[in-house]
1. Per residue, how much accessible area does the chain show when a 1.4 Å probe rolls over the protein heavy atoms, in square angstrom?
2. Kirkwood hydrodynamic radius, the chain, all distinct C-alpha pairs: what's the number in Å?
3. Taking Cα centroids, how far is the stretch 176-204 from the stretch 60-75 in Å?
4. Nearest 500 deg cm²/dmol is fine: what mean residue ellipticity at 222 nm does the chain get from its DSSP H runs of n ≥ 4 alone, each adding -39,500 (n - 2.57), divided by its residue count?
5. Using the Cα gyration tensor of the stretch 135-197, with a ≥ b ≥ c the square roots of its eigenvalues, what is the shape: rounded (a/c below 1.5), prolate (a/b larger than b/c) or oblate (neither)?
6. Amide H of PHE137: which non-local residues (sequence gap of 5 or more, or other chain) have their own amide H closer than 5 Å, using H built in the peptide plane?
7. Points 7 angstrom from Cα along the Cβ direction at MET10 and LEU188: gap in nanometres?
8. Arranged from highest to lowest average of other beta-carbon atoms within 10 Å per residue, in what order do the peptides 3-11, 138-146 appear?
Amino acid sequence: MHIKSAEFVMSNSDVSKCPSNTLPEYAFIGRSNVGKSSLINMLTGRKSLAKTSGRPGKTQLINHFIINNNWYLVDLPGYGYARVSKSSKKIFQKFITDYFSKRTQLVSAFVLVDIRHKPQPVDLEFMQWMGENQIPFSIVFTKADKLKPKAIERHVDEYSEILLEQWEEMPNYFITSSSKYIGKDELLQFIQDTNDEINALRKS
Ligand code: GDP
């Protein structure tokens, strides 16, 4: 997919105020520092698109960008647990769960994880929550330039092994590096193919 245009649309903490049209939407999420802004800028070919919404005070917001005037890229803040008082129960921040539960335009999410790290409980629990709520997602391994090819393979294998304790099959995944432009074409192709499928379905 060639990115002809990428523009910031709006930031919200309330899912009901997000754009009301029916353009397909893809959300990017992960722990802070995972490389999300860099990935969004790499994908869109814009040096600081994600940073414009990442300015202080905007970190807990749902940020919409419109790409090629036909799909939305959504930059979500890092997820983490919100502890419910009076109990030790941990839940994800409400506006994140609200976004995923209510946003019918969402086609698929990309859950970013740093390829160097072992699976972290918060990432695994978030993916588990996505699965239980039937929200389609792909895993995006970031910072692949930090490892040699053999180590990449080993880390992905280890990640799958742990995931397969919870999942019947390994979710769709991408290996990326924003500094080396790895995975850009594959990820954009996936979005293009998915958009094409949606358009074909809408026409039929
Ligand atoms: P965010 O907090 O998830 O938006 O992460 P950023 O995109 O701001 O990146 C966090 C840090 O990781 C920064 O120091 C980036 O330069 C670095 N980083 C991000 N992507 C890559 C990558 O693909 N390769 C390398 N080597 N570093 C990266």
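1. Values: 10890 Å² over 204 residues.
With the other protein chains kept in place, the chain gives 53 Å² per residue.
2. Details: mean 1/r = 0.0570 Å⁻¹.
Its Kirkwood hydrodynamic radius stands at 17.6 Å.
3. So the two Cα centres are separated by 15 Å.
4. Values: 6 runs with 70 residues, N = 204.
Taking each H run of at least 4 residues, the total per residue is -10500 deg cm²/dmol.
5. Note, shape of the stretch 135-197 comes out oblate.
6. Placed amide hydrogens put ALA109 under 5 Å from PHE137.
7. It is 2.8 nm.
8. On the way: 3-11: 14.2, 138-146: 21.2.
Those peptides, ordered most packed to least, come out 138-146, 3-11.
The values are calculated or read from the model by the stated rules, or taken from the named source; none is laboratory data. Computed from a predicted model, the values in this text were never measured in an experiment. Here Cβ is always computed from backbone atoms with ideal geometry, including for glycine, and neighbour counts include all displayed protein chains. We work out accessible area using only protein heavy atoms, side chains counted, and drop any ligands, DNA or RNA first. Shrake-Rupley method; radii C 1.70, N 1.55, O 1.52, S 1.80 Å.
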